[in-house]
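**Q** Below you'll find the structure I mean.
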Amino acid sequence: MNTPAVVLAQPPTEPVEWPDEVWQPIMEGLSWLLWFAIVTCIAALFVCGAVFVNQRKSTGTQVVEDATLARILICAAIIGSASGIAKAVLA
């Protein structure tokens, strides 16, 4: 007679605390990732500013539209500020 398999496993009823040996490498990796994101966003802000200035000075055709550069600049500012806030929260 075939009886269906019964799964008796259930999730824990209380939150499981992980030891520091588990959390420390994760937090270290996130810290490095956030610093990289902050530096990348600052570099993107400088590059977008330089492209804006270069396009305003040049008399030729524009390589990138102003609206596109503005979107990149706004996204870089948002990501950079979010990275800074996340870095403060992780500290």
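Quick note: the coordinates plus some simple rules give every number you see, no bench work behind them. Here the structure is a predicted model, which means the values were calculated and not measured. Every residue, glycine as well, gets a Cβ built from its backbone with ideal geometry; the counts of neighbours run over all protein chains shown.
**Q** Is there a quick way to get the dipole size of the chain? I mean about its Cα centre, with the Cβ of Lys and Arg at +1 and of Asp and Glu at -1; what is the value in debye to the nearest 20?
**A** Charge dipole of the chain: 660 debye, to the nearest 20.
**Q** OK, next. Could you point to the residue in Pro4, Val22, Ile79 farthest towards the positive end of the chain's charge dipole, with +1 and -1 charges on the Cβ of Lys/Arg and Asp/Glu respectively?
**A** So the residue furthest toward the plus end is Ile79.
**Q** Grab the DSSP H runs of the chain that are 4 residues or longer, score each as -39,500 (n - 2.57), total them, divide by all residues and round the 222 nm result to the nearest 500 deg cm²/dmol.
**A** Value at 222 nm, helices only: -25000 deg cm²/dmol.
**Q** For an R0 of 25 angstrom, estimate the FRET efficiency from the Cβ-Cβ distance between Val89 and Ile42 and round to the nearest 0.05.
**A** Here the calculated transfer efficiency is 0.80.
**Q** Taking the inverse of the average 1/r across all pairs of different Cα atoms in the chain, what Kirkwood radius in Å do you get?
**A** Radius from the Kirkwood sum: 17.5 Å.
**Q** Between Lys57 and Trp32, what length in nm is gained on full extension when 0.36 nm per residue of separation is reduced by their alpha carbon distance?
**A** 5.2 nm
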